[in-house]
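Novice: This is the structure, below, for whatever I ask next.
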Amino acid sequence: MTQIFNFSAGPAVLPKEVLQQAAHDMLDWHGSGMSVMEMSHRGPEFSSIHRQAMIDLRELLNVPANYKILFQQGGGLGQNAIVPLNLAGRRPDPVIDFVHTGTWSGKSAKEAARFARVNIAASSEPDHFTRVPARDTWRLSDDASYLHICTNETIDGVEYPDAPDVPADLPIVADMSSHILSRQIDISKYGVIFAGAQKNIGPAGLTLVIVREDLLDFASPQCPSAFHWKTCAEHDSLYNTPPTYAIYIAGLVFAWLKQRGGVAAMEAINIEKARLLYAALDADDFYANRVDPAYRSRMNIPFYLRDESLNEQFLAGAKERGLLQLKGHKSVGGMRASIYNAMPIEGVQALVDYLNTFAGR
Ligand SMILES: *Cc1c(COP(=O)(O)O)cnc(C)c1O
């Protein structure tokens, strides 16, 4: 098999060891005679897979006891509607605050506006989404149902270094789709965290939601039962059939992370991977990443060639070396390297070598 490195933003690279284990288990999981895909979601075999995945995730993220972990479907875009349907009703005349830092928080605000009034408390659009607006410029509502932020903008490459400080009675809802499990986070600073699995967790189809218990039960009557957080929590995410195979693969990823020292160990490697890549991009003006260094993403690194007429040649040369899916998102052009947990440092080194060679260094 040819050695490649896959820099896709998502669905994205998975650990090779996880895929090997899945291949080994494909026809006969642990002597059950069944593939995981063929198991009843309420049978003892899948129940053990499901339970262990929940336990491992809780441990990896250090999730406090007063938070529920939900395994849902519908992806990040699904949660853009599911969150307001569950939480806008926290206030009688709801307004939802947003900080607009790029494509994904923008999409979330647009969808939420179908369900409640939206207040853009701050936006870095005038700065072309190159930073998180300074906290002292945010104009939060007096009594918002919640504040929505996207803590890692996958397309724009902007990441919050920390949870922002907000009044204690304002829950923060964070879209962490593209950087969950990449760095240590203090869950207790957030009311709700959600993440589509296909970036840094596992296959598409699974959506992770972590909800503080006091926020579970504000759903509007229009909220579909299958997406009602309280219903899902009461049924241990088995109210309807969950995406069983995606949960199984995610569980293997959680075990893989634990084996490698957990999130703190991954964070240290991720810091080093990002440092190597940004250093190559910053070495001279052949390439450019325009994000303020204080807010540069460790996971998704967009960059441009100074001479954009070389784009096709750059991508063809990368492909020849087995460096795949480096083309930037169509809305912003240029290039993008996504270097999630499953991207080994050797992959980043191979990309850095190519960046240097292509620039004639
Ligand atoms: C990919 C992504 C989404 C959208 O996820 P879907 O599963 O396609 O709905 C939302 N938010 C962020 C930050 C993302 O990276």
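Novice: Inspect all residues belonging to the stretch 228-246 and state whether any of them is under 26 Å from SER48 (Cβ atoms), within 16 Å of the ligand (Cβ to nearest atom) and assigned to a helix (DSSP H, G or I).
Specialist: Scanning the stretch 228-246, I find at least one residue that is under 26 Å from SER48 (Cβ atoms), within 16 Å of the ligand (Cβ to nearest atom) and assigned to a helix (DSSP H, G or I), so the answer is yes.
Novice: So, in the stretch 155-174, of the ones that are farther than 25 Å from TYR278 by Cα and open to solvent by less than 10 Å² (accessible area, probe 1.4 Å), which residue ends up nearest to the ligand (Cβ to nearest atom)?
Specialist: Ranking the qualifying residues of the stretch 155-174, first place goes to ALA174.
Novice: Tell me, which helices (runs of 4 or more DSSP H) lie completely within the stretch 1-90 with 2 or more residues that are within 30 Å of LYS230 (Cα to Cα)?
Specialist: Filter on the stretch 1-90 gives 44-61, 75-87.
Novice: Could you check the stretch 72-110 and list, in sequence order, the residues that are open to solvent by less than 30 Å² (accessible area, probe 1.4 Å) and of a type in the set (Phe, Trp, Tyr)?
Specialist: Hit for the stretch 72-110 is PHE98, nothing else.
Novice: Would you confirm, using the coordinates I've provided, whether ARG361 is open to solvent by 60 Å² or more (accessible area, probe 1.4 Å), closer than 23 Å to ASN270 by Cβ and not in a helix (DSSP H, G or I)?
Specialist: Against the criterion (open to solvent by 60 Å² or more (accessible area, probe 1.4 Å), closer than 23 Å to ASN270 by Cβ and not in a helix (DSSP H, G or I)), ARG361 does not qualify.
Novice: Among what's in the stretch 175-201 and is of a type in the set (Gly, Ala, Ser) and outside any loop (DSSP other than H, G, I, E, B), pick the residue that is nearest to the ligand (Cβ to nearest atom).
Specialist: Restricting to residues being of a type in the set (Gly, Ala, Ser) and outside any loop (DSSP other than H, G, I, E, B), the top hit is GLY196.
Novice: When residues of the stretch 139-154 are filtered for being open to solvent by less than 10 Å² (accessible area, probe 1.4 Å) and assigned to a loop (DSSP other than H, G, I, E, B), how many remain?
Specialist: Looking only at that region, the number is 4.
Novice: Among (1) near the ligand (Cβ under 9 Å from one of its atoms); (2) open to solvent by less than 20 Å² (accessible area, probe 1.4 Å); (3) in a loop (DSSP other than H, G, I, E, B); (4) among the aliphatic types (A, V, I, L, M), there is one condition ALA204 misses while meeting the rest; what is its number?
Specialist: Here ALA204 meets the rest and fails (2).
Novice: Let me ask something additional. Take THR130 and tell me if it is more than 16 Å from the ligand (Cβ to nearest atom), of a type in the set (Val, Ile, Thr) and exposed (fewer than 15 other Cβ atoms within 10 Å of the Cβ).
Specialist: For THR130, the condition - more than 16 Å from the ligand (Cβ to nearest atom), of a type in the set (Val, Ile, Thr) and exposed (fewer than 15 other Cβ atoms within 10 Å of the Cβ) - is not met.
The values are calculated or read from the model by the stated rules, or taken from the named source; none is laboratory data. Fair warning: this is a prediction, and the values are worked out from it, not measured in the lab. We place every Cβ from the backbone using ideal geometry, glycine too, and count neighbours over all the protein chains shown. Remember, those area values only see protein heavy atoms, side chains included, never the ligands or the DNA or RNA. Shrake-Rupley method; radii C 1.70, N 1.55, O 1.52, S 1.80 Å.
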